[in-house]
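FYI, it's all coordinate maths here, none of it is from the lab. Just so you know, these numbers come straight off a predicted model, no measurement behind them. Methodologically, a virtual Cβ is constructed for each residue, glycine included, from the backbone with ideal geometry; neighbour enumeration extends over all protein chains shown.
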Amino acid sequence: MKLRQNREVYEGGEDSEMLGDAVEKYALGKVLDVGCGNGIQSIIAANKKEVTSVWGVDINKEAVKSSEENAKLNSVEKKTKFIASNLFEKIGGKFDTIIFNPPYLPTKKEEKLKGNINLAFDGGESGNKIINKFLAEFAKHLERGGILLMVLSSLNKHEKIINKLKKADFNVQIVGRKKFFFEELVVLKAQREG
């Protein structure tokens, strides 16, 4: 994959790689990539024959530009569309797969980064500020039997989030896991029952 980097946009790391593996394995149909960043997940999804179209959204306008450029560089621009949106604000309709690599780092005021790049990391004091907003809205944008693929960290108590999804009638599996000295990252696949 060819990627042009932009210092105002998260370039991807271990979390992106883990999520990319899950996208390659499970994404299908009409896909929504929330917090598309530089377009890595959108490009992986668009390269799959099981995927019909990909919408990428990001609150950071620089990320939208970066995703568009990278989609062209990887010849998937006909299958992708990118728009600036705060989560689902400008999204209508339902999707078969929703991908989300949220800003999950617990962040105090003095830890905020300067510029748009902060949007990719800042999860508020608990790390769950954006995740909770996402969880309150995503199900109404997911088709019956649709799949959510999402990165979570032990820093934001991923067990609680998994239990919340299970209570909302989602079958939840951890499909990727990696331990680091200060946290554990997991990729979960949540599928709506029936």
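Whose amide H sits under 5 Å from the amide H of PHE95, counting only residues 5 or more places off or on another chain, with H placed in the peptide plane?
LEU142, GLU143
If you take every residue apart from ASP21 with its C-beta less than 12 Å away from the C-beta of ASP21, what net charge results, scoring Lys and Arg +1 and Asp and Glu -1?
Values: positive: LYS25, ARG177, LYS178, LYS189; negative: GLU14, ASP15, GLU17, GLU24.
Here the count lands on 0.
Consider the candidate values (i) 18.0; (ii) 20.1; (iii) 16.5; state which one is Kirkwood radius over Cα pairs in Å computed from the structure displayed.
(iii)
Have a look at the DSSP beta bridges in the stretch 14-192 and tell me what percent are antiparallel, nearest 5.
Values: 16 of 37 bridges.
Among the beta bridges of the stretch 14-192, antiparallel pairing accounts for roughly 45 percent.
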